[in-house]
Structures are given as C-alpha cells and as structure tokens.
Amino acid sequence: MRNFHKSIATVCGIGYIDKGAGSVAAVAYCIVLFFLAAYNTLWQPVVLTVILVAGVWSAGALEKIWGHDNNKIVIDEVAGMMITLLLIPVKLKYIITGFILFRFFDIVKPLGIKKAEQLPAGWGVMADDVLAGIYAYIILRLIIASNIF
C-alpha cells in the first residue's frame, strides 16, 4: 500500500525530481488538459474530485514516513492547477496565464493560504493548493470576462 500512496502523491514519480517538481507536475496537467480538450471538459470535475480524495488520503499516509507536506508530494499542485483551469476555455494563452497565477499564489501564499497548510495530515497538504487554485481561477475568470487578451 505504501508504494500505491507514493505513486499517487508523487504523480507517478514526478515528485522525485530534485528541483521544481511542483511546477513540473502543474505543467504535466496543463499538457494533459490541452490534449484531452478535443474530447470535452466534462471529465474535469469528476477527475478533480478523485484527485482531491486520493491526494488527502495519500499525503496523510505518507506524512508518517516523509513528514508534513514533503516536497516529493506534488498531487496537491495537480489539484490546484486543475481548479485553476476548471472548465476554462482550453486556449494556450489561458493555460499559461492560469499556470502563472497558480504558481504565484502557491509560492507567495497570501490571503490565508499559508494558514491552510496548518490543517492536519493530508488536509493541510492539499488545502493550500486548493486555495491557491481558487484564487487563480477567480482572477483568470476575470481576465477572460474582461477580454484583456
């Protein structure tokens, strides 16, 4: 079961990348979204729900081994990126803007994001990225609605 949790939490090993694993995991999701968009985007809420549940479960299980919010755990970045781009028109300009916004909120951690990390076990690991994704989503929606580009 430990290998199962490691596979989920590291997104099939991306988390083992020495530097920038969170960004790589977020970019990996962007690439998947871009290529799956031809089918439709209705799968996104279902997959997001599965990712959130699996992320809380696996991150919580691995906390006992790796400690709280270890850098190898990148499923939270995937979840945050999924929230950022949830049902957004799949255009490269929006994917790139969403990525930049999400990484900004995830790294700077303003507006209660830092405090969300303090939740216990897998909840804290996932919560800060969920909030970062929500803030990035709101700004991205405003950008799209205002036709800035």
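For the range 84-95, what are the residues that are open to solvent by 20 Å² or more (accessible area, probe 1.4 Å) and in contact (Cβ under 8 Å) with a residue 24 or more places away in the chain?
Residues satisfying the conditions are Leu86, Leu87, Pro89, Val90, Leu92, Lys93.
Is it true that Asn70 is over 13 Å from the mean Cα position of the chain (by Cα), under 18 Å from Ala127 (Cβ atoms), free of Cβ contacts under 8 Å to residues at least 60 places away in the same chain and open to solvent by 30 Å² or more (accessible area, probe 1.4 Å)?
Yes.
Any residue in the range 96-115 that's crowded, with 16+ Cβ neighbours inside 10 Å: show its pairings with residues that are at pLDDT below 95 and in a loop (DSSP other than H, G, I, E, B) at Cβ separation under 7 Å, as long as the two are six or more apart or on different chains.
Note: pairs meeting the criteria are Gly98/Ile88.
Consider Trp57 against the criteria (1) more than 19 Å from Val130 (Cα to Cα); (2) open to solvent by 70 Å² or more (accessible area, probe 1.4 Å): it satisfies all of them except one. Which criterion is unmet?
(1)
Among the numbered criteria (1) surrounded by fewer than 16 Cβ atoms within 10 Å (Cβ to Cβ); (2) among the β-branched types (Val, Ile, Thr); (3) under 15 Å from the mean Cα position of the chain (by Cα); (4) not in a helix (DSSP H, G or I), which single criterion is violated by Val11?
It fails just one condition, (1).
Does the range 21-63 hold any residues that are touching a His at 6+ places or on another chain (Cβ under 8 Å) and either without any contact (Cβ under 8 Å) to a residue 12 or more places away in the chain or over 13 Å from Ile75 (Cβ atoms) (or both), and which are they?
Across the range 21-63, there are no qualifying residues.
Filter the range 94-132 down to the residues that are in contact with a Phe, Trp or Tyr (Cβ under 7 Å, 6 or more places away or on another chain) and farther than 23 Å from Glu63 by Cα, then identify the one that is modelled with the lowest pLDDT.
The qualifying residue modelled with the lowest pLDDT is Leu111.
Considering only residues of the range 116-149 that are in a helix (DSSP H, G or I) and without any contact (Cβ under 8 Å) to a residue 12 or more places away in the chain, which is surrounded by the most Cβ atoms within 10 Å (Cβ to Cβ)?
Restricting to residues being in a helix (DSSP H, G or I) and without any contact (Cβ under 8 Å) to a residue 12 or more places away in the chain, the top hit is Ala127.
Determine which single condition Val11 fails, assuming it passes every other condition in (1) closer than 15 Å to Gly80 by Cβ; (2) without any contact (Cβ under 8 Å) to a residue 60 or more places away in the chain.
With (1) closer than 15 Å to Gly80 by Cβ; (2) without any contact (Cβ under 8 Å) to a residue 60 or more places away in the chain applied to Val11, the lone miss is (2).
The values are calculated or read from the model by the stated rules, or taken from the named source; none is laboratory data. What you see is a predicted model; the values in this text were computed from it and never measured. Cβ sites come from the backbone with ideal geometry, for glycine too, and all protein chains shown count toward neighbours. Note: areas computed on protein heavy atoms with side chains; ligands, DNA, RNA excluded. Shrake-Rupley method; radii C 1.70, N 1.55, O 1.52, S 1.80 Å.
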